[in-house]
Amino acid sequence: MINLKRASSLSRLRPTLCLLFFITAGIAVLGAIGSSHVIAERAGGSASWGRVDTSAAVEPPVVPAPSCSPPCQLPVGFSENFDNVTPPALPPGWLATNALGPPPMWVTSNSGVPNPPADSQPNAAFIDDPAVVSDKRLDSLAFPIPTATSAQLTFRQNFNLEASDVDPNLGFDGSVLEISTDGGNTFRDILAAGGSFVVGGYNRTIGTDRGSPIAGRQAWSGNSEGFITTVVDLPFILTGEKLRWRMASDNSGSSEGWRIDTVHVSGCAPAPCQTPSPMPRPTPAPRPVPHATSTPHATPAFTPRPRPTP
């Protein structure tokens, strides 16, 4: 037998229970949205320049290469990832020099700090950051890009160089990118030569009171916290150009050093603009000549000649 009093109570409670269910579901949804927003911010939404989330694999940003316009321009370029040599040897054509300071010079390396040791396994180019004044340079081979009308440099770098803990804009030991347009006789900063950073440009200015060879210049300094991508629009390239990665330290303090990897230069080189030959037109087939129709001459009617009278 049905308890009518109980059924009536349940009917009155049903709207309240439904309301509580919807409130609970709404709180759960808002919590999920808030969590995803926090995750997005931690993934890079509020990250400062040059910082890499080392808790997860981070892919370098995809930057489009210069767009060429064939047939008058063709894509050209070269790459170096330092993986086809045995450390500490550098690839053929690459030159390491110490203008100031003690050894070591630039080498290829597959271990050590700053960590990780390479962007593309197993090797990267590496230089230390000593506690004395030094000027350590790594020169690339001459560009195998003939008279490129536009070119772009992409490379990955991992640095931990002495910098101020108080002023985020001040560096003590730092690194710069330079370019030669006369075959390696002289070098200028990439910005002074007419280049420009697309991503990953200089982040500090080197102090002027500690004897740094690059004092007062914009440079990379501090800690990148892993490999970051740098992309540079290069100035107009003729022939015999070289790049220089230059690390300079001052007379106090030291840090872990600088690693360079996955270097790629791409550009557009002019090519002979050959006008395509016109396609030969097919010889038209001779048209059939219609046979001439002639009207047959009418045969004159025979008229008998009258006989002469005897």
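Cut-off is 10 Å between beta-carbons; in what order do Val133, Val265, Val199 appear when sorted fewest neighbours first? Before the final figure, lay out the partial values.
Values: Val133 17, Val265 25, Val199 14.
The most exposed by this proxy come first: Val199, Val133, Val265.
Mind jotting down a quarter of the surface of the convex hull over the alpha carbons of segment 73-270, in square nanometres, one decimal? Don't skip to the answer; put the middle values down first.
Details: hull surface 40.2 nm².
If I average the Cα hull's projected area over directions, I get 10.1 nm².
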Q.
With the crude spin-label approximation of a point 7 Å out along Cα→Cβ, what separation in nm comes out for Asp135 versus Leu95?
A. 1.5
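Fewest first, what order do Val166, Val232 take by the number of other Cβ atoms within 10 Å? Can you show the working numbers first?
Values: Val166 6, Val232 23.
Going from sparsest to densest Cβ surroundings: Val166, Val232.
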Q. Calculated FRET efficiency, Ala271 and Ser67, Cβ-Cβ r, R0 22 Å, to nearest 0.05?
A. 0.90
Q) How much length, in nm to one decimal, is gained on full extension between Thr208 and Asp233, taken as 0.36 nm per residue of separation minus their Cα-Cα distance? A) 6.1 nm
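Taking 0.36 nm per residue of separation and subtracting the Cα-Cα distance, what length does fully extending Ala142 through Arg287 add? Show your work: numbers first, answer last.
Numbers: separation 145, 0.36 × 145 = 52.20 nm, distance 6.51 nm.
Computed gain between Ala142 and Arg287 is 45.7 nm.
Which order results if Cys268, Cys273 are arranged by neighbouring Cβ count within 10 Å, fewest first?
Values: Cys268 24, Cys273 9.
So the ranking, lowest neighbour count to highest, is Cys273, Cys268.
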Q) Roughly what would the spin-label model give for Asp182 and Phe197, points 7 Å off Cα along C-beta, in nm? A) 2.7
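Read-outs: derived from the displayed coordinates by stated rules, not from any lab. All of these numbers come straight from a predicted model, not from anything done at the bench. No Cβ is skipped: glycine too gets one built from the backbone with ideal geometry, and neighbour counts run over all protein chains shown.
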